[in-house]
Structures are given as structure tokens and as C-alpha cells.
Amino acid sequence: MLHRIRTLLLAGFLFLPAVALAQAVDLSTDDRVAIRQIITRQIDAFRRDAGEEAFAYAAPGIRATFMSADIFMAMVQSAYQAVYRPRSVQFEEIIDFYGRPAQRVHLIGPDGIPVIAVYPMERQPDGSWLIAGCYLIPTDARST
């Protein structure tokens, strides 16, 4: 299973340069607020090690891939330290990411290294939003 997780993570990193070329997306103010709230709630759940809660904010495809909150949390802890324990969280624009709205978030990880997290979002049948992935893009700056 760990090999599968690593493969999925690597596949995500292979197409990240295209994110820099993505265009802004037109969403209602309510949708923008809802997307930001879901991401904020998931980051807060990570900070509290509330695995079931953090997993609940993931879209069905992510939940099916990782199968349990424990596996999901292990992956986040090992590969997404900036998301798991951010020093700083700053929301940026929502972009079009392969036909899906994606929230860009500037994070500073516990090691002081900044990254841009791109969160593709998925609208659910009830109109709510869930997180359909998270891709980290390195930045040039370093925070102390």
C-alpha cells in the first residue's frame, strides 16, 4: 500500500508545472467562501490530529484511494508536512486546474520552507465542496 501511495504522490508532482499557466476561474462569492472554509477546516483537523475529521473533507475519490483515515493521515504526515503542521497559511486565487476549480494556498511549513499548495475541489451532488487532491509546488523564498 505504501508503494501505491508513493506512486500516486509522484504522479501528482509530474504535472505541476502546468499549474503556473492556469487561469483564474469564475465562482460565486459563496462558493469561494465554502472552498476556503473546507480547506481551513481540514488544516485545523490536521493540526489537532483529528484524522477522521480531516478525512471527511476529502472527496470520494480520495477516500476510495486511501481507504481509511489512518492511511490518509500517515500519507499526510510523511509527504505533506507543510499542510500537516503549517506555520503560516495564506489563501491566494482560485484557478482552473484541468477543468476543476483549485484553491492556491501559500504555506510555510514547520521547517520554514514555503510552498504553494494547489487544492483541486469537487462539487458534491448536494452542492457542497470537498477536496479532490493537494499538490505542492516549491517556491524560491525561505522564511525563518
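The values are calculated or read from the model by the stated rules, or taken from the named source; none is laboratory data. Model, not experiment: these values are computed from the prediction. Backbone-built Cβ (ideal geometry, glycine too); neighbour counts: all protein chains shown.
If we scan segment 29-48, do we find a residue that is over 15 Å from Pro120 (Cα atoms), outside any helix (DSSP H, G or I) and at pLDDT 95 or above?
yes
Would you check which residues across segment 91-116 are of a type in the set (Gly, Ala, Ser) and out of contact with any Phe, Trp or Tyr (no Cβ under 7 Å at 6 or more places or on another chain) and list them?
The answer is Gly99, Gly109, Gly112.
Select from segment 110-144 the residues that are charged (D, E, K, R) and surrounded by 11 or more Cβ atoms within 10 Å (Cβ to Cβ) and write down the one among them that is modelled with the lowest pLDDT.
Applying the filter and picking the extreme gives Asp111.
Select the strands (runs of 3 or more DSSP E) contained entirely in segment 90-131, then report the ones holding at least 2 residues which are more than 14 Å from the chain's Cα centre (by Cα).
Counting at least 2 such residues, we get 114-123.
Could you list, ordered by first residue, the pairs with Cβ atoms under 6 Å in which the first is in segment 82-100 and within 19 Å of Pro114 (Cβ to Cβ) and the second is among the polar types (S, T, N, Q) and surrounded by fewer than 19 Cβ atoms within 10 Å (Cβ to Cβ), at least 6 apart or interchain?
Tyr84/Gln77
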